[in-house]
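**Student:** Take a look at this one; I'll ask things after.
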Amino acid sequence: MGCGCCVTKLLLGGAVLSAILYAWCHFSPEPKVDIVENGWYGSGEWRADDEAIHPYKINVPQKVLDDLKSRLLHSRVSHETLEDSDNFRYGFNTHYLKEVQEYWRSKYDWRKHEAALNAFTQFTTEIEGIQVHFIRSKAASGYKKVLPLLLVHGWPGNVQEFVKLIPILNDPKKHGLDYDFAFEVVAPSIPGYGFSGNPKKTGFSQVECARVFKKLMTRLGFEKFYLQGGDWGAIVTTNLAKMYKENVLALHVNMNGAGSFHGIGLVKAILGSFAPKLFFASPNQANFSIFSLFGMIMAESGYMHIQGTKPDTVGVALNDSPIGLAAYILEKFSSWTNLEFRDLPDGGITKKFTLDEVLTVVTIYWAQGNIVHSQRFYKEYFADIRNQELGKVFCSVPTGHSNFGNEPFDKMPEEVMKHYYNMQFRREHPDGGHFAALELPKTLGGDVFEFIHQQTAPKAKKNPEL
C-alpha cells in the first residue's frame, strides 16, 4: 500500500512538473539570433578575399610518409591490456592496436587512396581569409534534372567519408536507384579539417562555418541548393538552413542537428521515457529513455569535454604520435558504429569498414597535421552562444531524416524531432551507425533521393468539385 502511494505521488509530481515545463516552453519566444554577414579568420588584419577558384590535387610529400613509417616502427605501445578485459571497454585494445600499427606501417598504401581521392575534381578558394578545399563532382549525363547539393562531414571524419556516397549521388541509375534526377555535389572540408586551411583566430564556430559554406555555394553560382549532413555536418547544415532559409530548398540529416532536447520536445521526451511505446511509434525508439541516453553520453563523451575545454593540450600528443592518433580516432569508428562492438577484442572495426578505409581518414589527419584544429571546433561550439540559440529556432525548411538504429547520438524520436524541424520525411533503419555515408552509402543515398523526389515531384491538383 505504501509503495503504491509512493508511485502515485511520483507520477503526480512528474505530471505537475511536466505541466509547468510545458507552459514555460510553450510561451517562451524563440530567441533572436545575431547573425553577422562577414568575418575574418586569416592571418593579420582583414583584407579582401582572393575569390579565384583554383584546381587542387592532393600530393602528400614523400618525406611525410617516410616519417610516418619511421614513427610507427618506433612507436611505444608498452602498456598491456588488462588480463580480464580483452575488449574496447577501457578504450582501444592494445593487442589489436599492435596489429593496426603493423598493417599501417607495412601494408597500407597511401598513394592508392590518394589517387582515389584525386579521381574527384577538387578546388580551393579563399573565404574570410581561409583556403577552403572542396570536391565538386558533377552529375552523370542523361538526367532530366541536376540539383546542387552541399554535403558536409563531421568529426573525426573528413571528405574520405564520402568516397562511396558521392558516385551514387552523381549517378543513381548506375547504382540501382531509379530516379530521373541526379546531384551535382559540393563536398567541402570544414576549415581545420582535411585539406582546408586552418582558422588563425578564435571564434570559428558552426555558425561561422555555415556562413562560409553559404558563401561558397553562391560563389559557385548556386543561389538555391539542397543540404545533407551528419555529425557536425548536421549542425552546420541545420544552422545554414535557419540562417539563410531563402537559399535552401531542403535539408536532409542523418543526425539531429538541432542540438540538445529543449522546449516542448524535452517535455515529450521526459514523459515518453516512462512509456516509450505509448508516445513513440518508431521501432528504433521502442525502448527510448532520455535518462539512459544521458548515461550513454556520460560514458562516451569524455573526448567532447576535453576538446570543448582544452583541445590544444591533447592535440599535442595526437599530433606527435601516429599510433596514438589512430587509437583516438579508430576507437570512435568502433563504438559509434555499434556500441556492442566495445565488447569485441578488435572493436568490430572491420565488420563494417576495411582497415584501409578508416586508416585513410586517420592518414589525412596525420599528413595535414590538423587534428588539434579539428578539435578546436568543439571549443568554439560551446563558446558561441548562438549555436545554442539557433538550436531553439524552429527549422522551417523542409527536412528529411534518416535514423540509423546503431547511431548512439541520434536517439531523438520523430514525435520529438518535429518540434524542431519541418519534418517531411523520416526513414528508420535497424542497422547502421554514426558513419552512415561510409558504412551504408546506398541506404543513405537512397533516402536522400526519395526525400528530394517527394519534394520536387509535381503535386496532384485537388478537384475543386470534391
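**Student:** Considering only DSSP beta bridges whose two residues both sit in the range 84-203, what percent are antiparallel, to the nearest 5? Please report the intermediate quantities before stating the final value.
**Tutor:** On the way: 10 of 16 bridges.
Approximately 60 percent, going by the DSSP bridge assignments.
**Student:** Does the range 104-148 come out rounded, prolate or oblate, given a ≥ b ≥ c as the square roots of the eigenvalues of its C-alpha gyration tensor, rounded meaning a/c under 1.5 and, failing that, prolate meaning a/b above b/c?
**Tutor:** On the way: a/c = 4.38, a/b = 1.34, b/c = 3.27.
Oblate is the answer for the range 104-148, as a/c is 1.5 or above yet b/c matches or exceeds a/b.
**Student:** Going from most exposed to least, what order do Ser289, Ser141, Ser334, Ser106 have by accessible area with a 1.4 Å probe?
**Tutor:** Result of the area sort, largest leading: Ser141, Ser106, Ser289, Ser334.
**Student:** When the accessible area of the chain is computed with all protein chains present and a 1.4 Å probe, what percentage of it is carbon and sulfur?
**Tutor:** Of the solvent-accessible surface of the chain, carbon and sulfur hold 57 percent.
**Student:** Rounded, prolate or oblate: which one fits the range 276-413, using the alpha carbon gyration tensor with axes a ≥ b ≥ c (rounded when a/c is under 1.5, else prolate when a/b beats b/c, else oblate)?
**Tutor:** Oblate is the answer for the range 276-413, as a/c is 1.5 or above yet b/c matches or exceeds a/b.
**Student:** Quick one: the Cα spread of the range 319-360 along its three principal axes, in angstroms, biggest first?
**Tutor:** 31, 18, 16
**Student:** Averaging over every viewing direction, what projected area does the convex hull of the Cα atoms of the range 336-466 cover, in nm²?
**Tutor:** Orientation-averaged projected area of the Cα hull: 12.1 nm².
**Student:** Given axes a ≥ b ≥ c from the Cα gyration tensor, I'd like to know whether the range 37-171 is rounded (a/c under 1.5), prolate (a/b larger than b/c) or oblate.
**Tutor:** Judged from the Cα gyration tensor, the range 37-171 comes out prolate (a/c at least 1.5, a/b above b/c).
**Student:** Near Lys112, which aspartates and glutamates are there with a Cα under 19 Å away, not counting those fewer than 8 places off in the same chain?
**Tutor:** Filter leaves Asp66, Asp67, Glu102, Glu161, Asp356, Glu357.
**Student:** Aspartates and glutamates near Lys268 by alpha-carbon distance under 12 Å, same-chain residues fewer than 8 away left out - which ones?
**Tutor:** Result set, ordered by chain and number: Glu414, Glu415.
**Student:** In square angstrom, what is the accessible area per residue of the range 305-463 with a 1.4 angstrom probe? Walk me through the numbers before you get to the answer.
**Tutor:** Numbers: 5830 Å² over 159 residues.
Accessible surface, normalised per residue, equals 37 Å².
**Student:** So what's the net charge close to Gln455: Lys and Arg +1, Asp and Glu -1, counting the other residues with Cβ under 15 Å from its Cβ?
**Tutor:** Local net charge: +3.
**Student:** Hey, how many Å between the Cα centroid of the range 180-235 and the Cα centroid of the range 241-304?
**Tutor:** The range 180-235 and the range 241-304 have Cα centres spaced 24 Å from each other.
**Student:** Using helices alone, I'd like the mean residue ellipticity at 222 nm for the chain: each DSSP H run of four-plus residues gives -39500 (n - 2.57), total over residue count, nearest 500.
**Tutor:** Numbers: 20 runs with 213 residues, N = 466.
The per-residue figure over the chain is -13500 deg cm²/dmol.
**Student:** List residues of the range 186-225, by number, whose backbone nitrogen lies under 14 Å from a label position 7 Å along Cα→C-beta of Ala383.
**Tutor:** Backbone N within reach: 199-209.
**Student:** When DSSP assigns beta bridges and you keep just the ones with both residues in the chain, what percent turn out antiparallel, to the nearest 5?
**Tutor:** Bridges in the chain that DSSP calls antiparallel: roughly 35 percent.
**Student:** Then there is this: Rg and Dmax in Å for the chain, alpha carbons only: what are they?
**Tutor:** Final numbers for Rg and Dmax: 22.9, 81 Å.
**Student:** With every protein chain left in place, what is the accessible area per residue of the range 88-215 in square angstrom, probe 1.4 Å?
**Tutor:** I get 34 Å² per residue for this part.
**Student:** Under 13 Å from a point placed 7 Å out from the Cα of Lys224 along the Cα-to-Cβ direction: which residues of the range 235-263 have their backbone N that close?
**Tutor:** Residues 245-250 qualify, since their backbone N sits under 13 Å from the label point.
**Student:** Checking the table Lys411/Lys442; Lys242/Lys411; Lys310/Lys332; Lys144/Lys392; Lys214/Lys332 against a 31 Å threshold on Cα-Cα, which pairs fail?
**Tutor:** As for pairs spanning more than 31 Å Cα to Cα, those are Lys144/Lys392.
The values are calculated or read from the model by the stated rules, or taken from the named source; none is laboratory data. Being a predicted model, the structure only gives us computed values, none of them experimental. Reconstructed Cβ throughout: ideal geometry from the backbone, glycine too, with neighbour counts over all protein chains shown. Keep in mind that these areas ignore ligands, DNA and RNA; they rest on the heavy atoms of the full protein, side chains included. Shrake-Rupley method; radii C 1.70, N 1.55, O 1.52, S 1.80 Å.
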